[in-house]
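Structure, as structure tokens:
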Amino acid sequence: MSAKPQSASPGRVGFISLGCPKATVDSEHILTQLRAEGYLISPDYAGADLVVVNTCGFIDAAVEESLDTIGEALNENGKVIVTGCLGAKGDIVRHAYPNVLAVTGPHATKEVMDAVHEHLPPQHDPFVDLLPPQGIRLTPKHYAYLKISEGCNHRCTFCIIPSMRGDLVSRPVSDVLLEAERLAAAGVKELLVISQDTSAYGVDVKYKTEFYNGRPVKTRMTELCEALSALGIWVRLHYVYPYPHVDEVIPLMIAGKILPYLDIPFQHANPRILKAMKRPASSENTLSRIQQWRQDCPELAIRSTFIVGFPGETEDEFQELLDFLDAAQLDRVGAFTYSPVEGASANKLADPVDPELQQERLARFMAKQAKISAQCLQNKIGSVQQVLIDDIDDEGIVARSTADAPDIDGMVFVSDAEDMTADMPQVGDIIQVRITHSDEHDMWATRINENS
Ligand code: SF4
């Protein structure tokens, strides 16, 4: 397909962002840079001078989706720059599509911009004043992902992220705090702290002390949380591993400084499987830690993910995982059957679990967790909760409680919004509600009029 003629007006770049929240943040950085340099973002292929596709390469389905998307962009536009995790996986992209303009790996804003400059030279001086101070965000205005580091020092056997993104590189704490402050000033009400391993923040720089607004701040998870809490907005921690120093953030939750929420990808409970997975902190006594956290902070919600049917998983080891669910009573759980990812060392492990047996175990796992999640939510009936409004439609308010992260957890449906038109809240407001009923995923509530 022929290339689009280059216009004399500012270059127009189409942008497609696939993958996880970390890829979303990469996309936001590239979009921010594009706008900073005066490029316009085209909402469709036809209006774009070229298209950037930020890919995901984590599992085979994601690779397929990424390749399909690149093919579509080439068909519809003809000039395509590929970035992201799939770009780091050898020659897959070049092999499938030799005519793409450039291929880079993840978090490669500079390389992507170099490719854009080569194929669509900037027509104007940078329009820095066109750029909102918080940069370009792909999330709704009232919440934002805050990426604190890149890469990972662990080598979990099922994961290829370290080979794609490299070892841990923590962002300077002053940069993170400046970004957070700008986001809060732009109306963001909830920051979702993300990384590959949030608890490892600062390890690579030996927890270096920096200065922010004249105050010393260590490049360390607890100190970062303490500093973020000064913004007075919700702060939610994702991808935390249960190292001993995670205990330090529980007092911040008790004091209402950060949300009582921990997203900890446990992946399994059996020590032999965890060892075969090479999971971080797998030797910690997770169950007693959870019990202690809950005792200290009863509002704490814990989300986790698990892999069932890992190579060599026996029925007894799987049963141990089910027993762990019973004992841990986790609020939110996602689960996947193990599937080999090209390049992962777990592919070489003996005794793969038969796919039918994997599915059967997944169904048993999910059935057990559904009951636990339903019970956790049922326990909240009658309680008063603070919820953040995500949407308001004809049927009422769609919100999330402190226990619900966007996209992955449940919702709170507040049904009587129309009775309160005099005092109608807005998307992004935090309101008080009383929980009236629940199922295994969501809750329903009535709004409490704070003036009454
Ligand atoms: S902690 Fe393990 S699963 Fe997570 S990114 Fe690092 S290597 Fe991958």
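The values are calculated or read from the model by the stated rules, or taken from the named source; none is laboratory data. Keep in mind that what you see is a predicted model, and the values were worked out from it rather than measured. Note that each Cβ is placed from the backbone with ideal geometry, even for glycine, and that neighbours are counted across all protein chains shown. Heavy atoms of the whole protein, side chains included, go into the accessibility calculation; ligands, DNA and RNA do not. Shrake-Rupley method; radii C 1.70, N 1.55, O 1.52, S 1.80 Å.
Give the percent of DSSP beta bridges with both residues in segment 303-422 that are antiparallel, rounded to the nearest 5.
On the way: 9 of 15 bridges.
Roughly 60 percent of the DSSP beta bridges within segment 303-422 come out antiparallel.
Order the following by accessible area, largest value first: 174, 339. Probe radius 1.4 Å; ligands, DNA and RNA are ignored. Don't skip to the answer; put the middle values down first.
Numbers: 174 25, 339 55 Å².
Final ranking, largest accessible area leading: 339, 174.
Efficiency by 1/(1 + (r/R0)^6): what FRET value for residue 386 and residue 305, r their Cβ-Cβ distance, R0 = 22 Å, to the nearest 0.05?
Values: r = 26 Å, r/R0 = 1.17.
Efficiency at R0 = 22 Å is approximately 0.30.
Subtracting the Cα-Cα distance from 0.36 nm times the residue separation, let me have the gained length for residue 393 to residue 379 in nm, one decimal. Intermediate values should be presented prior to the final figure.
Values: separation 14, 0.36 × 14 = 5.04 nm, distance 2.75 nm.
Here the segment from residue 393 to residue 379 would lengthen by 2.3 nm.
Hey, rough spin-label estimate for residue 351 and residue 175, points 7 angstrom out along Cα→Cβ, what's it come to in nanometres?
The answer from the label model is 4.5 nm.
Along Cα→Cβ, 7 Å out, is where each label goes; now give me the distance between the ones at residue 294 and residue 61 in nm to one decimal.
Once both label points are built, they end up 3.0 nm from each other.
Please report, in debye to the nearest 20, how large the charge dipole of the chain is about its Cα centre when each Lys and Arg carries +1 at its beta carbon and each Asp and Glu carries -1 there.
Details: 40 positive and 64 negative charges, 281 e Å.
The calculation lands at about 1340 debye.
Kindly rank 346-354, 101-109, 76-84 from highest to lowest mean number of other beta carbons found within 10 Å of each residue. Show your work: numbers first, answer last.
Details: 346-354: 13.2, 101-109: 21.2, 76-84: 24.6.
Ranked by mean Cβ neighbours within 10 Å, highest first: 76-84, 101-109, 346-354.
Rank these by accessible area, largest first, 1.4 Å probe: 365, 158. Mind showing how you got there, number by number?
Working: 365 0, 158 25 Å².
Solvent-accessible surface, decreasing: 158, 365.
Work from the charge dipole of the chain (Cβ charges, +1 for Lys and Arg, -1 for Asp and Glu, about the Cα centre) and give the residue of 59, 18, 207 farthest towards its positive end.
207
Arranged from highest to lowest average of other beta-carbon atoms within 10 Å per residue, in what order do the peptides 237-247, 399-409 appear? Display every interim value, and only then the final one.
Numbers: 237-247: 18.5, 399-409: 20.8.
Ranking the peptides 237-247, 399-409 by packing returns 399-409, 237-247.
Past 29 Å, Cα to Cα: identify those pairs from 275/380; 141/206; 79/110; 147/206; 22/89, in the order given.
Working: 275/380 36 Å; 141/206 34 Å; 79/110 19 Å; 147/206 19 Å; 22/89 17 Å.
From the list (275/380; 141/206; 79/110; 147/206; 22/89), the Cα-Cα distance tops 29 Å for 275/380; 141/206.
Expressed as cubic angstrom per residue, what is the convex hull volume of the alpha carbon set of the chain?
Numbers: hull volume 74.9 nm³, N = 452.
Normalising the Cα hull of the chain by residue number yields 166 Å³.
How many percent of DSSP beta bridges within the chain run antiparallel, rounded to 5?
Details: 25 of 63 bridges.
Around 40 percent of the beta bridges assigned by DSSP in the chain are antiparallel ones.
From the protein chains alone at 1.4 Å, what is the descending order of accessible area for 444, 293, largest first?
Details: 444 70, 293 5 Å².
Of 444, 293, the descending order of accessible area is 444, 293.
Simple spin-label model, 7 Å along Cα-to-Cβ: residue 213 to residue 317 in nm?
My value for the distance between the label points is 4.9 nm.
Give the accessible area for residue 384 in Å² (nearest 10); use a 1.4 Å probe, count only protein heavy atoms, and leave out ligands, DNA and RNA.
Accessible area of residue 384: about 70 Å².
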